[in-house]
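Accompanying notes for the structure given below.
Where a number appears in this text, it was derived from the coordinates with a stated rule and is not lab data. Bear in mind that the values here come from a model prediction, so they are computed numbers and not experimental data. Cβ atoms come from the backbone with ideal geometry, glycine included; neighbour counts cover every protein chain shown.
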Amino acid sequence: MTVKEAAHPVVTGERICKIASSYGYVDCDVPVYELLADIAEPGQRPIAVVGPAMEVLGVIHPRELVEILGKPFGRDLLMRQKVQDIMRDAVTFRYDEYIQEIRDRISGDLEGGVEAQYVLVDENAAFSGHVSSRDILVHAMEEHRRELKTAQSIQGRLVPPCLTVRGKLLSVVCSSVMAQGVGGDYYYARQFAQGKWFLCLCDISGKGVSAAIITAVLAGFLHSADLSLSLEETIRNLNDLILDTFQLNKYLTGFFCVFDELSGELRYCDMGHSFFFAVEGTRMFQVSEQADNVPVGLVADVTPVERVLRLSPGTTFAVVSDGFVEQENRNSDSYPLDRLGAAIASCENGDLLRAKVKIFEDFFTFKKDVPQRDDISLLLFRYDQR
């Protein structure tokens, strides 16, 4: 056999030799006709041409040899040569370099769409294997899938598909369905003192993993925040965190409120969101058609405008993300939010959990096989009778 196989190097970590796809090499003085007899198929992976110390001199591409054979006098030409006479220059990388570093250096090849071949060498410049741009792309895709799965798992704990909490006089149901498995919608509901509640629903700019990163930052902030502070101060602190961390590259819209069960007082700040509705019968009444404040993380030294409502027992409210209103069906009609009111009204005794189920069933029936355009999230809360 003229084509030999190098030993597979053993390393730890994400080194480039980990994804090497072949290890074939041939000595430089081997006649071409002997190599041709060893080539099983034209699509065989490249073969390194090495010197006496296994140093890489060049590379042979079997497909090119077959193409030469098809030309007039091609066979006669090849029969008189050695492999070192027809080899091509090789692009080499150290076998123990990190995959990410190599990926950054060959970004032009990856974008070009043509499979490029590289030869790996050890610390003594001896041949160690072959890797292609396709090998690197496949690894990148597998890595992305692993990261996405991890992100989905983390976000599923931060923003579970459904959350139901209940106080003495307040019932809360929250739910989210992400368009890409991970996304930028976030909700939070916590009774931080006896009869006092903090609720929010936020929509982070962008989608996917980058938006999920801000979700994690937001969740960490609210988990440790002193919610006994004024709503205005809480939002200012969050605004400073988002602005300092993401430097205007990311921001979030949101509805934030504090509710007191004893007094029935609801204090809220609409930070660029505006999808806040009171539900009366089967109808949805938008509490404010325009947001009072800019999104969180866009300007420094923000002073949020706070509004106050005095709720009557039996009042139900709904806050939704814009994924609902942006969704279209096969006829390019947008999802009508009035259907939420009908779903809520159809549930006996103000059963918000059942209402949530009906709303999502109706939403997915409406869109049918049309792709979900954005994350959809829902926050329902009801002030019950004493």
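Kirkwood analysis of the Cα pair distances in the stretch 325-377 returns a hydrodynamic radius of 11.6 Å.
Segment Leu309..Leu158, full-extension length gain: 51.4 nm, with 0.36 nm per residue of separation and the alpha-carbon distance subtracted.
Using the reciprocal of the averaged 1/r over all distinct C-alpha pairs, how large is the Kirkwood radius of the stretch 102-225 in Å?
Details: mean 1/r = 0.0554 Å⁻¹.
Its Kirkwood hydrodynamic radius stands at 18.1 Å.
Sum -39500 (n - 2.57) across every DSSP H segment of at least 4 residues in the chain, then divide by the residue count to get the 222 nm mean residue ellipticity, nearest 500. Provide the component values of the computation, followed by the final result.
Values: 12 runs with 125 residues, N = 386.
After summing the helix terms and dividing by the residues of the chain, the value is -9500 deg cm²/dmol.
The chain gives an Rg/Rh value of 1.23, both radii derived from C-alpha positions and Rh following Kirkwood. In this simple spin-label approximation, Arg283 and Leu262 carry label points 7 Å from Cα along the Cα→Cβ vector, and these lie 3.5 nm apart.
Set the Förster radius R0 to 56 Å, insert the Cβ-Cβ distance between Leu353 and Met1 as r into 1/(1 + (r/R0)^6), and round the FRET efficiency to 0.05. If you can, show how the numbers build up before the last one.
On the way: r = 70 Å, r/R0 = 1.25.
According to the calculation, E is roughly 0.20.
So what is the diffusion coefficient of the stretch 94-174 in µm² per second by Stokes-Einstein at 20 °C and 1.002 mPa s, using a Kirkwood Rh over Cα pairs?
Numbers: Rh = 16.4 Å.
Diffusion coefficient, whole number: 130 µm²/s.
Each peptide among 183-192, 358-367, 139-148, 234-243 gets the average number of other Cβ atoms lying within 10 Å of its residues, and from highest to lowest they stand as 183-192, 234-243, 358-367, 139-148.
When 1/r is averaged over all different Cα pairs and the result inverted, which Kirkwood radius in Å belongs to the stretch 4-140? Show your work: numbers first, answer last.
Details: mean 1/r = 0.0645 Å⁻¹.
So the Kirkwood estimate lands at 15.5 Å.
Model label points for Asp240 and Leu57, set 7 angstrom from Cα along the Cα-to-Cβ axis, are 6.9 nm apart.
Counting other beta carbons within 10 Å of each Cβ, put His223, His61 in order, fewest first. Numbers along the way, then the final one.
Values: His223 10, His61 17.
In order of increasing Cβ crowding within 10 Å: His223, His61.
Max-minus-min Cα coordinates of the stretch 271-317 on each principal axis give 41, 18, 12 Å, with the largest extent listed first. With R₀ set to 25 Å, the beta-carbon distance separating Tyr33 from His8 gives a calculated FRET efficiency near 0.30.
By how many nm would the segment from Arg134 to Ala345 grow when fully extended, if each residue of separation counts as 0.36 nm and the alpha-carbon distance is taken off? It would help to have the intermediate numbers written out before the result.
Details: separation 211, 0.36 × 211 = 75.96 nm, distance 5.58 nm.
The Arg134-Ala345 span can extend by a further 70.4 nm.
Going by neighbour counts of Cβ atoms within 10 Å, the residues Lys168, Lys196 line up, fewest first, as Lys168, Lys196.
For Ser332 and Gln372 in one chain, what is 0.36 nm times their gap in residues minus the Cα-Cα distance, to one decimal in nm? Walk me through the numbers before you get to the answer.
On the way: separation 40, 0.36 × 40 = 14.40 nm, distance 1.28 nm.
Taking 0.36 nm per residue and subtracting the Cα distance, the gain is 13.1 nm.
When DSSP beta bridges are limited to those with both residues in the stretch 4-140, what percentage is antiparallel, rounded to the nearest 5? Show your work: numbers first, answer last.
Details: 16 of 22 bridges.
Antiparallel bridges: around 75 percent, rounded to the nearest 5.
Our summary of shape: the Cα atoms of the stretch 159-383 have principal axis extents of 43, 40, 29 Å, ordered from largest down, in whole angstrom. Give me the net charge of Gly183's neighbourhood, meaning all other residues with Cβ under 12 Å from the Cβ of Gly183; Lys, Arg count +1, Asp, Glu -1. Cβ neighbours under 12 Å give a net charge of -2.
Pop out the ³J(HN,Hα) list for the stretch 276-282 in order, Karplus 6.51 cos²θ - 1.76 cosθ + 1.60 with θ = phi - 60°, rounded to Hz; leave Gly and Pro as x. Rounded to whole hertz, the list is 10, 10, 9, 9, 10, x, 9.
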